[in-house]
Amino acid sequence: YTEFQVNGEPHRQFQLYSYGADGGLSMITAPMFERAICSNQFSMLLAGDKACGKAKNTKNGQFKFREMTSELGALMKLRDRYGRTCDRLGNLALTHDKARAFVAGMLATAGADTLSTRSQNLIKEVTDKFEGGIGCHGETRYDLFNAFTQHYTHDTANPHAKSFKLKGDPRMGAAIMGRPASVKREVIRALSDDAKFDATCARGKILIDRIA
């Protein structure tokens, strides 16, 4: 595994490798969030088709293996870029009102002139996590990104997270696919781009001011 930091917090990324000379797959590799400790865990990984690289014992297997190593290199670069982005967000101060405006701007229905009751409740839930969520201190843009991540991935009360019927933890589904994953991508892009951040906050403030 490799160790790295995101906003000063230690993280580990495990990389699983499996090799077999039984005429089937010669090499399988996949990123893991935790250390694999048994064959059942490995089987679940393959059942979910999470392996990022597979090379068979064929005459062109060596070329597939080269592609696999290239993919792994790209994965490491993305991880490093993500870490640098989070470090920057952790140094950008954010007030409660600004965070609330950003959440409103992100979660309001596109083109809406007012906030629905559902949107208002969702804004409150995410804003509350900004200050009291797991690992959140209510001080920076990184705390706000954590709040969104907790709501859409870690919060098992969230129906989005429950809707994915993957084997194992359903949070995996919310982390990598569907609406929860796309929202988090949109959020980190908007938080990282000052122009997008300001525009999102401005729209959110207008919508909040219209609440009777």
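The values are calculated or read from the model by the stated rules, or taken from the named source; none is laboratory data. Owing to the predicted nature of the structure, the values given are computational and were not obtained by experimental measurement. FYI the Cβ positions are ideal-geometry reconstructions off the backbone, even for glycines, and counts take in every protein chain you see. Remember, those area values only see protein heavy atoms, side chains included, never the ligands or the DNA or RNA. Shrake-Rupley method; radii C 1.70, N 1.55, O 1.52, S 1.80 Å.
In whole percent, and with a 1.4 Å probe on the protein chains, what portion of the accessible area of region 68-116 is carbon and sulfur? On region 68-116, the fraction of accessible area on carbon and sulfur atoms equals 52 percent. Accessible surface calculations at 1.4 Å, restricted to protein heavy atoms, place region 84-134 at 55 Å² per residue. Ranking of LEU72, LEU191 by solvent-accessible surface, largest first: LEU72, LEU191 (1.4 Å probe, protein heavy atoms only, all chains present).
Take the Cα of ASP97, step 7 Å toward its Cβ, do the same at ASP113, and the gap between the two points is 2.6 nm. Ordering 143-149, 77-83, 121-127 by mean Cβ neighbour count within 10 Å, with the highest value first, yields 143-149, 121-127, 77-83.
By a 1.4 Å probe calculation restricted to protein chains, MET106 has an accessible surface near 40 Å², given to the nearest 10.
By the Cα gyration tensor, region 66-132 has an equivalent ellipsoid whose semi-axes, rounded to whole angstrom, run 34, 17, 10 from largest to smallest. Residue pairs exceeding 25 angstrom between C-alpha atoms, taken from LYS98/LYS129; LYS77/LYS98; LYS124/LYS196; LYS98/LYS184: LYS77/LYS98.
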